[in-house]
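Every read-out reported here was derived from the displayed coordinates using simple, explicitly stated rules and does not represent laboratory data. From a predicted model like this one, the values you see are computed outputs, not experimental measurements. Cβ placement follows ideal geometry from the backbone for every residue including glycine, while neighbour counts extend to all protein chains displayed.
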Amino acid sequence: MHMTSPANELTNRIIHEIYSTGGFAWRAESTGVFDTKKAIFRTAPKKGVADVLAVYKGRFLAIEVKIGKDRQSPEQQGFQANVEHCGAAYFVAHDYDSFQQWWANERGKM
């Protein structure tokens, strides 16, 4: 039996919720990739990218998933600052209920 982590489960629920309300969302892969030819890990193209990226009614959204004591890295804080500086929405989701409340509020603004 394959078990998913709480963070993975929350990420999937967030993506599903955005889709079910008319948005387009995807998981942003930010982990390194193993290069089998050189036998090394290649770092992600951009550090700090949020876990979920989405578009809703023309607006860019970024959602970072943090479970338990997990906190944003300096790169993630920088990504958040850049996203918000450009007028897009950013949210740190610690649980599904807080995400749903934020998401209902965001949709109400659009």
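For Lys47, the lysines whose Cα comes closer than 29 Å to its Cα, not counting residues fewer than 8 places off in the same chain, are Lys37, Lys38, Lys57, Lys66, Lys69. When the alpha carbon coordinates of the chain are projected onto the principal axes, the ranges are 49, 40, 28 Å, largest first. In a simple Cβ point-charge model (Lys, Arg +1; Asp, Glu -1; nothing else charged), the chain has a dipole of about 340 debye relative to its Cα centre. Label-to-label distance for Glu29 and Asn8 is 1.5 nm, based on points extended 7 Å past Cα in the beta-carbon direction. For the pair Lys66 and Ala104 in one chain, pulling the backbone fully straight at 0.36 nm per residue adds 11.7 nm over the alpha carbon distance. Rounded to the nearest 500, the helix-only mean residue ellipticity at 222 nm of the chain stands at -12000 deg cm²/dmol, with each DSSP H run of n ≥ 4 adding -39,500 (n - 2.57). For the chain, the antiparallel share of DSSP beta bridges with both residues in that region comes to about 70%. Modelled this way, with points 7 Å down the Cα-to-C-beta line, the labels at Lys38 and Tyr96 are 4.1 nm from one another.
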